[in-house]
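Structure first, commentary second.
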Protein chains: 2
Amino acid sequence: MKIMGISGLPGSGKGLVSEIALQKGAMVISMGDIIRKEAKKRGESTKETAQNLRKEHGQYIVAELTIKEIKEILKEGFDKSIIVEGIRSPFEVDLFKENFDNFIILSVFANPKLRFERIKSRQREDDTTDYEIFVERDQRELDFGIGVVISLSDKMIINESDLESYEKEIREFFEEYDI
Amino acid sequence: MKIMGISGLPGSGKGLVSEIALQKGAMVISMGDIIRKEAKKRGESTKETAQNLRKEHGQYIVAELTIKEIKEILKEGFDKSIIVEGIRSPFEVDLFKENFDNFIILSVFANPKLRFERIKSRQREDDTTDYEIFVERDQRELDFGIGVVISLSDKMIINESDLESYEKEIREFFEEYDI
C-alpha cells in the first residue's frame with residue numbers, strides 16, 4: 001500500500017495507470033476534481049475557483065486540500081494505495097513527500113510527435129487537432145514546473161510502443177513498488 | 001548522418017552515448033569544451049569566461065558558437081553524425097532546431113536515488129558524496145530548463161538496469177535514428 005503521484009505531459013498515457021490502479025482496488029484522487037468540487041460549492045467556474053483558491057490561500061492550496069482529504073481517507077481505515085492525479089509542480093511534490101512517507105512519483109513519457117498524434121485521434125473534449133494549441137498546452141504544464149517533476153521522478157515508464165506492453169510495464173511497476 | 005543533442009541529469013549515463021557515438025565515427029562536441037577553449041584564449045577561468053561571454057554576447061552565445069563550429073565542420077565535408085553535449089535549455093534546443101533540419105534530442109533518465117549512488121561511487125573530480133551538493137547540482141541544471149528539454153525529448157532511454165542492456169538500447173537507437 002502506497003501513496004503516489006502520476007505525472008506526464010498531455011497524451012503520454014497517464015489515464016491507463018489510474019485505470020489499472022482502480023482495478024486493483026486503489027483509490028484515484030484528481031487534484032482537478034478537488035477544484036471542481038469546490039467550484040460547485042461556490043457556484044463558480046473551475047477556472048475562477050482555481051484562481052480564487054490560490055488568491056485566498058496561497059499557491060499550494062489545492063495540494064494542501066488533497067493532502068487533507070487523503071489524511072481523512074486514511075483515518076477512516078482505507079488500506080489500499082492512493083493515486084494522486086494532476087501534480088504539476090516540484091513544490092507540490094515536496095509537500096506530498098513531507099506529509100506521506102514513501103510518497104513516490106511515477107512519470108509516463110512519450111515523445112511530443114507521438115503525443116500529438118494520440119491527442120488528435122482521441123479527441124476528448126479538451127483535446128485539439130491544432131499543433132500550436134498542443135504546444136501551448138504543453139507549455140502551460142511546463143510553466144508549472146512539470147518538467148522538473150518528470151525529470152526527478154522515482155520511476156519512469158516510456159509509453160511509445162503498443163498498449164499491451166505498456167499495460168504490462170504498469171502492472172510490473174505496481175507489483176515491484178507494492179501499489 | 002544526423003546532428004543531435006544529448007540531455008540528462010548528472011549521473012544518468014550520458015557519457016556512454018558519446019563513447020559509442022565516437023566508436024561509430026561520429027564527432028562529439030561539448031558546449032563546455034567550447035567555453036574552455038575560449039577561456040584558454042582569454043586567460044580566464046572557465047566560470048569567468050562563461051559569465052563574460054553571456055554578458056558580452058547574450059544568453060545563447062555558447063549555443064551560437066557551437067552552431068558556428070558545426071557549420072564549419074560540415075563545410076569541410078564531414079559526413080558522419082555530430083553529437084552535442086551540454087544542451088540544457090529549451091531555447092538552446094530551439095536554436096539548434098532552427099539551424100539544423102532533423103536535429104533531435106536524446107535524453108537519458110535514471111531516478112535521483114540511483115544517480116546519486118552512481119556519482120558517489122565514480123568520484124570524478126566534480127562529483128560529490130554529499131547528498132545536498134548533489135541536489136544543488138541537479139537544481140542548477142533544472143534552473144537552466146533541463147527539465148523542459150528532457151520532457152520534450154525526441155527519444156528517451158531509461159538507464160536503470162545493467163550496463164549491457166543500456167549499451168544495447170543506445171546501439172538500437174543509433175541504428176533506428178541513423179546516427
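Rule-based calculations on the coordinates, nothing more; no lab input. On a predicted model such as this, the values are computed, not experimentally measured, just so you know. Don't worry about glycine lacking a Cβ; one is built from the backbone with ideal geometry, like all the others, and counts go over all protein chains shown.
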Contact order relative to length of the stretch A:93-155, as percent, for alpha carbon pairs under 8 angstrom and 6 or more apart: 46 percent
With 20 Å bins from 0: P(r) over the protein assembly as shown, alpha-carbon pairs, percent: 26, 56, 17, 1
Dipole moment magnitude, nearest 20 debye, the stretch A:56-179 about Cα centre, only Lys, Arg, Asp, Glu C-beta charged: 140 debye
Within the stretch B:107-179, trypsin sites (Lys or Arg not before Pro) in DSSP loop having at most 14 other beta-carbon neighbours inside 10 Å: B:Arg124
Dipole magnitude of the protein assembly as shown, debye to nearest 20 (Cβ charges: Lys/Arg +1, Asp/Glu -1, about Cα centre): 580 debye
Estimated FRET transfer efficiency when R0 is 30 angstrom, pair B:Gln139-A:Lys168 (beta carbons, to 0.05): 0.30
For q = 0.20, 0.30 Å⁻¹, Debye-computed log10 I/I(0) when each Cα of the stretch B:47-96 counts as one equal scatterer: -0.76, -1.17
Distance (nanometres) between label positions extended 7 Å along Cα→Cβ at A:Asn52 and B:Gln51: 4.8 nm
Distance between the stretch A:102-163 and the stretch A:11-64 - C-alpha centres, whole angstrom: 17 Å
Built amide H within the under 5 Å cut-off of B:Gly5, gap 5+: B:Val84, B:Ile104, B:Ile105, B:Leu106
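Do any GluC sites (Glu not before Pro) in the stretch A:66-164 lie in a loop, going by DSSP, with at most 11 other beta-carbon atoms within 10 Å of their beta carbon, and if so which?
Passing sites in the stretch A:66-164 are A:Glu76, A:Glu125.
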The stretch A:122-172 - convex hull of the alpha-carbon atoms, volume per residue in Å³: 115 Å³
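Please report the equivalent ellipsoid semi-axes of chain A, computed as sqrt(5 x eigenvalue) of the Cα gyration tensor, largest first, in whole Å.
Sorted largest first and rounded, they come to 24, 23, 15 Å.
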Highest average packing first - A:45-58, A:21-34, Cβ atoms within 10 Å: A:21-34, A:45-58
Backbone N within the stretch A:84-110 under 14 Å of label point (7 Å from A:Lys71 Cα along the Cβ vector): A:95-101
